[in-house]
């Protein structure tokens, strides 16, 4: 394990690379000075996506999606070696005077310092600490999903899958007047986190049927089967999970047609159609960051580790770790 110094030369940085499927390492890199309209950011924290990022780590990105799956500051190519990630929070050390010394979120891989265009950083609003801001990309995904789902006042909403994104979707939906939201998950300890967020919880067998809207975010085909089962007549099932190369078998016989169900996908790469003519990606991210002002969301950050341990953390998460929700990485 390399020793990451707390003070490094002005042109030095360390980054995490997936060198081969299932194996990551920290690499020293040379950092160029920022040019006009650019900033240098020193990372404070970053977050690991338990879904997409672990698929990248395991080498499960389909060849057909190599270009669409690229992140803004990715280096290398799928399957490996590749520098990947999109949840970095840091402090601007160089750049325009209005930004220097400010904390910001950036869709950047795990790296101790980096240079990006100034418009690639999103300043944290007052009341959102850097350690919580690692949830910004997850919150943006949850916001976009609810735009896609278009819940109505008074809806009964089922959210299948109690990972970070599922919990955020349920938390946001539960703040709509008259909506009754139930989180469904096979991992019983997730009930305690749901309770902290004020969300009802049920196992798949005990879930309330006939939901007006069902959001699936478990990442497992069995969860999508549960979501279809819970949907009421002419309800929408919004599919947020991405399966990479895995094939998914669904019971689209039985009552799927007689109940006239709608199965719809949601993906954060594009702003939801209903908002697209007015909302930019930047405006959407500003909303996501503002929604992180509630301290109750700290319950979603269950684990933290120093940057030097990141390769081992990725391997642990890829092997399972059902108790971990958001894994935060802390920088020297």
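Test each condition in (1) surrounded by 11 or more Cβ atoms within 10 Å (Cβ to Cβ); (2) touching a residue at least 60 places away in the same chain (Cβ under 8 Å) for residue 296 and report the one that comes out false. Residue 296 satisfies every listed condition except (1). Among residues of segment 190-211 being closer than 16 Å to residue 161 by Cβ and within 21 Å of the chain's Cα centre (by Cα), the one that is surrounded by the most Cβ atoms within 10 Å (Cβ to Cβ) is 194. The residues in segment 43-76 that are surrounded by 17 or more Cβ atoms within 10 Å (Cβ to Cβ) and more than 23 Å from residue 246 (Cβ to Cβ) can be counted, and the count is 6.
I need the full set of residues from segment 238-257 which are within 19 Å of the chain's Cα centre (by Cα) and part of a loop (DSSP other than H, G, I, E, B), in order please. Result: 240, 241, 242, 243, 244.
Look at residue 116 and say whether it is closer than 21 Å to residue 165 by Cα, assigned by TED's automatic domain parsing to the domain that holds residue 307 and either within 20 Å of the chain's Cα centre (by Cα) or buried (at least 18 other Cβ atoms within 10 Å of the Cβ) (or both). For residue 116, the condition - closer than 21 Å to residue 165 by Cα, assigned by TED's automatic domain parsing to the domain that holds residue 307 and either within 20 Å of the chain's Cα centre (by Cα) or buried (at least 18 other Cβ atoms within 10 Å of the Cβ) (or both) - is not met.
Could you check residue 150 against (1) buried (at least 23 other Cβ atoms within 10 Å of the Cβ); (2) on the phi > 0 side of the Ramachandran plot and say which number it fails? Among (1) buried (at least 23 other Cβ atoms within 10 Å of the Cβ); (2) on the phi > 0 side of the Ramachandran plot, the lone unmet condition for residue 150 is (1).
Scan segment 275-301 for residues that are out of contact with any helix residue (DSSP H, G or I) (no Cβ under 8 Å at 6 or more places or on another chain) and closer than 22 Å to residue 85 by Cβ and the total you get is 3. Filter segment 5-18 for residues that are surrounded by fewer than 16 Cβ atoms within 10 Å (Cβ to Cβ) and either touching a strand residue (DSSP E or B) at 6+ places or on another chain (Cβ under 8 Å) or closer than 29 Å to residue 164 by Cα (or both); which is modelled with the highest pLDDT? That would be 12.
Where strands (runs of 3 or more DSSP E) sit wholly within segment 10-88, those with at least 3 residues that are farther than 23 Å from residue 133 by Cα occupy 12-20, 23-30. So if I check each of 198, 244, which one is in contact with a helix residue (DSSP H, G or I) (Cβ under 8 Å, 6 or more places away or on another chain) and closer than 22 Å to residue 318 by Cβ? Just a single option satisfies the conditions, and that option is 244.
To keep it simple, each residue is scored yes or no on (1) in contact with a strand residue (DSSP E or B) (Cβ under 7 Å, 6 or more places away or on another chain); (2) outside any strand (DSSP E or B); (3) crowded, with 21+ Cβ neighbours inside 10 Å.
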| position | (1), (2), (3) |
| --- | --- |
| 233 | no, no, no |
| 236 | yes, no, no |
| 259 | yes, yes, no |
| 321 | no, yes, no |
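The condition (being outside the structural domain of residue 50 (by TED's automatic domain parsing), free of Cβ contacts under 8 Å to residues at least 60 places away in the same chain and surrounded by 13 or more Cβ atoms within 10 Å (Cβ to Cβ)) is satisfied by just one residue among 214, 271, 248: 214.
The values are calculated or read from the model by the stated rules, or taken from the named source; none is laboratory data. Quantities reported herein were computed from a predicted structural model and do not represent experimental measurements. Because the Cβ atoms are built from the backbone with ideal geometry, glycine has one as well, and the counts that use them run over all protein chains shown.
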